[in-house]
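*Asks:* Questions regarding the structure given below will be posed in turn.
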Amino acid sequence: MPETTVAQSLVPQTQHTQYEASQSTALPIYHRGALFDREPYWQKIARWSDVSEKEFLSYRWQISRNIQGPRNLSVFLNEVLPENIPANKHYQHIRTKGAFIEDVMQGIKEAPMSIRLTPHILSVIDWSNPLNDPLRRQFIPMKSTYMPDHPKLGLDSLHEAADSPVTGLVHRYPDKVLFLATSVCGLYCRFCTRSYAVGGNTDTVTKSSYKPIKARWDQALQYISDNEVIQDVVVSGGDSYYLQPDQLRYIGDRLLAIPHIRRFRLATKGLCVTPSRTLDPEDAWTDELVRLSNRGRALGKQVALHTHFNHPQEITWVTREAAQKLFQNGVVVRNQSVLLRGVNDNVQTMSALIRELADSNIQPYYVYQCDMVQGIEDLRTPLQTILDLECQIRGSIAGFLMPSFVVDLPGGGGKRLAASYQSYDRKTGVSKFVAPAVKGTVKGRDKENLVYEYYDPLAFCGL
Ligand code: SF4
């Protein structure tokens, strides 16, 4: 197919035969019922069958029950899986619990991210049908779903290290920096953009971690203080939810004290994977967030929370109550989703997610094309999928609740609307973008004059 114009790209495409034929899963399962009806949904997990609501909502209880590493995951899977796994036409050889666990253990050996899962997420995965579950696909790798990497994939596909004047501080846009305060998360996503740094070492990746220590933070804060052009800071990692409340206070107060900082946001998956922390009266993280938000408001500065939900199945009554607490306390919350194959790459799921977020007063902000990260080719979609989703969903919900569907340009061009490509050759799977506002150089060439290329997954390219 020849390259198309932007206008042509907005016409719904129907040439997804190859894509649909290779879908590894059926449509995601969308649970409701117990997840929304204030029922103890965690009690269906045998080891937590007598855990009370009070215990489950305790952050201390949650972090002490995390499942970490292949060995603990294997024990957990042995407890929760049925003896016979429901058939999936793509994985005929996986029909028993033993075969499933063996496939997962082999998958972990090739994965770029280590294993860490929270009780909340483990409680909302449908273990009676693990091959098809969209949350299992996000967090637990399988050898059988592994697909060869496109040769252009990398561990640091956004070239963050190259754009870091100080270790753990990415300065790409003129007025904004990304401050990587830690490389620890409460749960590890298979597709993490920062798989070069986040989480523990794996069999295939040795990480360059960002320790949550003041000496390193002070260097980053000094750079921000010295550069008056910077107005906007994203505090991320890793996950800012896993900073201690006093660490959050230290960073937040330092940022608010810098006259030229107009706003900052805390990037976290915490509200998605451990929402109970926000409700726990014995934990001070949310109190600190609310204090910073109020202090910022008094100074005329915005402090916001940016979270990361990818599927409506991640949202339970606990999530809704946590979001409501933040809303009542005036905290601005926005969501950034990642488009993932077999997880949320259909109109029904993405629409439901956007609506659930909107109903929880979480602003649907971005849907990202999955970054070109090594080792997760089975989760990436062609660019055409995000174009189609944007086309189909726009108009179904108020415009101010419609997220921007974007590509974070490989090589450090920053985020661009997916539909803003200069060209898209569907035969080779190469789309090209420009980013004239992004400053800096790559190998001596000005970024503003570069052409950035996104590559569809190998299975959809004519290579
Ligand atoms: S929570 Fe964010 S930083 Fe942590 S593993 Fe997932 S995508 Fe990466």
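*Asks:* Go through (1) in a helix (DSSP H, G or I); (2) in contact with a Phe, Trp or Tyr (Cβ under 9 Å, 6 or more places away or on another chain) for C370 and report which single condition fails.
*Replies:* (1)
*Asks:* Scanning the range 187-208 for residues that are open to solvent by less than 60 Å² (accessible area, probe 1.4 Å) and of a type in the set (G, A, S), which turns out farthest from the ligand (Cβ to nearest atom)?
*Replies:* By that ranking, first place goes to G200.
*Asks:* Still on this structure, I have one more. Which of the residues that make up the range 171-186 are in a strand (DSSP E or B) and open to solvent by 40 Å² or more (accessible area, probe 1.4 Å)?
*Replies:* H171
*Asks:* Does R277 satisfy the criteria of being of a type outside the set (A, V, I, L, M, F, W, C), in a strand (DSSP E or B) and within 16 Å of the ligand (Cβ to nearest atom)?
*Replies:* Criteria not met by R277.
*Asks:* Same structure, new question: I63 - would you say it is open to solvent by 10 Å² or more (accessible area, probe 1.4 Å), under 24 Å from V273 (Cα atoms) and in a helix (DSSP H, G or I)?
*Replies:* yes
*Asks:* Which residue out of A437, A418 is open to solvent by 50 Å² or more (accessible area, probe 1.4 Å), in contact (Cβ under 8 Å) with a residue 40 or more places away in the chain and not charged (D, E, K, R)?
*Replies:* Step by step, each of A437, A418 is checked, and only A437 is open to solvent by 50 Å² or more (accessible area, probe 1.4 Å), in contact (Cβ under 8 Å) with a residue 40 or more places away in the chain and not charged (D, E, K, R).
*Asks:* Given the criterion among the aromatic types (F, W, Y), within 14 Å of the ligand (Cβ to nearest atom) and out of contact with any Cys (no Cβ under 8 Å at 6 or more places or on another chain), identify the matching residue among F179, F264.
*Replies:* Just one listed residue meets the conditions, F179.
*Asks:* Under the condition of being assigned to a loop (DSSP other than H, G, I, E, B) and of a type in the set (S, T, Y), which residue from the range 209-230 is most open to solvent (accessible area, probe 1.4 Å)?
*Replies:* Result: S209.
*Asks:* Look through H308, H260 and report the one residue that is open to solvent by 20 Å² or more (accessible area, probe 1.4 Å) and either closer than 30 Å to P382 by Cβ or hydroxyl-bearing (S, T, Y) (or both).
*Replies:* The conditions single out H308.
*Asks:* Run D239 past the list (1) more than 14 Å from the ligand (Cβ to nearest atom); (2) modelled with pLDDT under 95; (3) touching a Gly at 6+ places or on another chain (Cβ under 8 Å); (4) charged (D, E, K, R) and report the number of the one that doesn't hold.
*Replies:* Every listed condition holds for D239 apart from (1).
*Asks:* Across the range 440-457, which residue is modelled with the lowest pLDDT among those that are among the hydrophobic types (A, V, I, L, M, F, W, C) and open to solvent by less than 50 Å² (accessible area, probe 1.4 Å)?
*Replies:* V442
The values are calculated or read from the model by the stated rules, or taken from the named source; none is laboratory data. Being a predicted model, the structure only gives us computed values, none of them experimental. Cβ atoms come from the backbone with ideal geometry, glycine included; neighbour counts cover every protein chain shown. We work out accessible area using only protein heavy atoms, side chains counted, and drop any ligands, DNA or RNA first. Shrake-Rupley method; radii C 1.70, N 1.55, O 1.52, S 1.80 Å.
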